[in-house]
Amino acid sequence: MPNPGPEPRFHIETHGTADSVRQILIDLRAFVEGLGPDADTSGTIEIVMAEALNNVIEHAYAPGCEGPLWLSAQRDGGLLRVELRDTGRPLPGFKLPQTNLPDASGPLQGLPEGGFGWFLIRDLTDSLSYRRFGAQNRLTLEFWLNRAVQP
Amino acid sequence: MKLSTTTKNGVAIITVTEPRIDAVVAIQFKDAMRAATDGGPDRVVLDMSGVTFVDSSGLGAIVAAMKYLGLRRKLDLAGLTPDVDKVFRLTRMDSIFDIYPSVAAATALRAAG
């Protein structure tokens, strides 16, 4: 069997804005679709990466202080491994936050308009880890590309 | 963020004409929804059939639009595409809206009796 060669890698370094995040999501989705994922997997990955990227530009970087985004994605066996780096503020306590869903059971005017991001990230990733490395935040996310053949 | 509005059977149907309600346009969406619903019928159906992506900012903006209408008025959703439906379901926000498969289903007149 011929050597299949190295896995293609998606990589981007850019200035972090809502517009650049949108383009990263579109480009990353096209890359993922090319790997032959299950029907709903590329949508899942897009949802998670939207939340992770938006967290960086909205929280890691203070208001008015933009900064770079570094994203790399590559298949490793049956997994897509995505690594996201930024040079913004660390996560509080240098760890992943609690991920309870905001309470939607109360009256109309108390319904949540935010706070869903980390829940979606945790719920939809197959593996998630965070590390503060010097002045960098490093978030690693893994997704099974084809669930039918995975545990 | 452009929205198109029509009225059918006394219901305001607001169609989202852009494919993404996300962090780029969430605030504009909220503003556009206020303008599109002010002074209109009590019941509003948001046609989402052309929307292929909603992130949590977009979800929050849709919730904000419902809150803006207040208790006397109603915001229903129609035509959620699969990735959008997934976000509503996973966050349990599908329980706070009436969600229809289509605008036709949302505006069908009920038989009397």
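Does residue A:66 count as within 14 Å of chain B (Cβ to nearest Cβ) and either charged (D, E, K, R) or surrounded by 20 or more Cβ atoms within 10 Å (Cβ to Cβ) (or both)?
yes
Check whether at least one residue in segment B:56-69 is under 20 Å from residue A:111 (Cα atoms), of a type in the set (Val, Ile, Thr) and over 11 Å from the mean Cα position of the chain (by Cα), and report yes or no. Checked against the condition, which is being under 20 Å from residue A:111 (Cα atoms), of a type in the set (Val, Ile, Thr) and over 11 Å from the mean Cα position of the chain (by Cα), segment B:56-69 yields no hits at all. Of all the residues in segment A:130-151, those that are over 19 Å from residue A:28 (Cβ atoms) and of a type outside the set (A, V, I, L, M) number 9.
Here's a check for you: in segment A:1-51, which residue that is of a type in the set (Gly, Ala, Ser) and in contact with a Leu (Cβ under 8 Å, 6 or more places away or on another chain) is farthest from residue A:61 (Cα to Cα)? Give the derivation first.
Step one: list which residues in segment A:1-51 are of a type in the set (Gly, Ala, Ser), which gives A:5, A:16, A:18, A:20, A:30, A:34, A:36, A:39, A:42-43, A:50.
Then keep just the ones that are in contact with a Leu (Cβ under 8 Å, 6 or more places away or on another chain); that gives A:16, A:20, A:36, A:50.
Working: A:16: 9, A:20: 15, A:36: 34, A:50: 16 Å.
Going through the qualifying residues, I end up with A:36.
Exactly one residue out of B:51, B:63, B:103, B:45 is touching a residue at least 24 places away in the same chain (Cβ under 8 Å) and either within 9 Å of chain A (Cβ to nearest Cβ) or acidic (Asp, Glu) (or both): that is B:63.
Check off (1) over 30 Å from residue B:95 (Cα atoms); (2) under 16 Å from the mean Cα position of the chain (by Cα) for residue A:25 and give me the number that stays unchecked. Unmet for residue A:25, out of (1) over 30 Å from residue B:95 (Cα atoms); (2) under 16 Å from the mean Cα position of the chain (by Cα): (1). Checking segment A:48-62 against the condition returns a match, with at least one residue being over 22 Å from residue B:90 (Cα atoms) and of a type in the set (Gly, Ala, Ser).
A search for C-beta distances below 7 Å between a residue of segment A:28-57 that is farther than 19 Å from residue B:86 by Cα and any residue that is assigned to a loop (DSSP other than H, G, I, E, B) and of a type in the set (A, V, I, L, M, F, W, C), counting only pairs 6+ apart in sequence or on different chains, returns A:35/A:145. Considering only residues in segment A:82-136 that are touching a residue at least 60 places away in the same chain (Cβ under 8 Å) and in a loop (DSSP other than H, G, I, E, B), the one that is nearest to the other protein chains (Cβ to nearest Cβ) turns out to be A:116.
Rule-based calculations on the coordinates, nothing more; no lab input. Values in this document were obtained by computation on a predicted structure and should not be read as measured data. Glycine gets a Cβ as well: all are built from the backbone with ideal geometry, and neighbour counts include every protein chain shown.
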